[in-house]
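Engineer: Let me begin by handing over the structure; questions about it come next.
The numbers here are math on the coordinates, done by the rules we state, and not lab data. For clarity, every value in this text was computed on a predicted model and none was experimentally measured. Cβ sites come from the backbone with ideal geometry, for glycine too, and all protein chains shown count toward neighbours.
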């Protein structure tokens, strides 16, 4: 009986089926139309700066666009408003998962072209900008054991590899696939970072000077591979030390370029192998040897 059910079951769509346009043009048109409208609405809402003590909470258009896009999905407002399912159904959601990989390739080309003209600046900034990539390693060392302790399995590897911006998303997508447990983990951190990252780093940029660290060092720390987070952190830091604003912004920009240049290699050749090793050692202690 179980064999018969298996034979009659509808097979999961393969990636080539998802990308096929045969009889599916409405799905493609609706997806990209929704993305365009959400992006336009986000830009119309604009950027908000909310003063908090000596710092500012910065809400960028990208945050509003993502929130609006999440709200119209079938699992959000689509549950209550059936008309939304005609605009964004499960077919559009499934296509968006696969399109993400393709869009990341375009982003990779953009990052490479942006890094080229700035390579001299990166070199002149000295080894500190390169060595800061050890921060990705530290993020994994702290985050992975905590994630496993909280009950995450292979998702923990993707979620804790770094702060999970676009290069990490592309790396995990290429190695494991975006719909794998690792892909779900990296996407979860990516989305949480979009929602709360700019707010957190905007405040951190303002309050960072209270640590006593040199503003140049804080400027380097602002470049973590995310344009929105870097902008929020560096602008807040520059506003806090206006006499060094230009230098701080320059270091933040150079640091961000360096992170996009060598961060993915640090993750690929150092952080990811170590993360897999740590997972193999810790996961059996948390879940049992037969449940990893």
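Engineer: Full extension from residue 24 to residue 67: what is 0.36 nm times the residue separation minus their Cα-Cα distance, to one decimal in nm?
Structural biologist: Once the chain is fully extended between residue 24 and residue 67, it gains 12.8 nm.
Engineer: Normalised by the residues of the stretch 12-285, what does the relative contact order come to in percent, with Cα pairs under 8 Å and at least six apart?
Structural biologist: Value for the stretch 12-285: 20 percent.
Engineer: Here is a follow-up. Using the reciprocal of the averaged 1/r over all distinct C-alpha pairs, how large is the Kirkwood radius of the stretch 12-285 in Å?
Structural biologist: Taking every pair of different Cα atoms in the stretch 12-285, averaging 1/r and inverting gives 20.1 Å.
Engineer: If you don't mind, another one. Among 30, 280, rank each residue by its count of other Cβ atoms within 10 Å, from fewest to most, as a rough exposure measure.
Structural biologist: Listing 30, 280 from fewest to most nearby Cβ atoms yields 280, 30.
Engineer: Another question, then. Starting from the Cα of residue 75, step 7 Å along the direction of its Cβ; do the same at residue 239; then give the gap between the two resulting points in nm.
Structural biologist: Taking the simple label geometry, residue 75 and residue 239 are separated by 3.5 nm.
Engineer: For each of 229, 38, count neighbouring Cβ atoms within 10 Å of the residue's Cβ, then give the residues from fewest to most.
Structural biologist: Taking fewest neighbouring Cβ atoms as first place, the list is 38, 229.
Engineer: If r is the Cβ-Cβ distance from residue 265 to residue 191 and R0 is 35 Å, what FRET efficiency results, to the nearest 0.05?
Structural biologist: 0.90
Engineer: Another one. Give me 173, 255, 162 sorted ascending by neighbouring Cβ count inside 10 Å, so fewest comes first.
Structural biologist: Going from sparsest to densest Cβ surroundings: 173, 255, 162.
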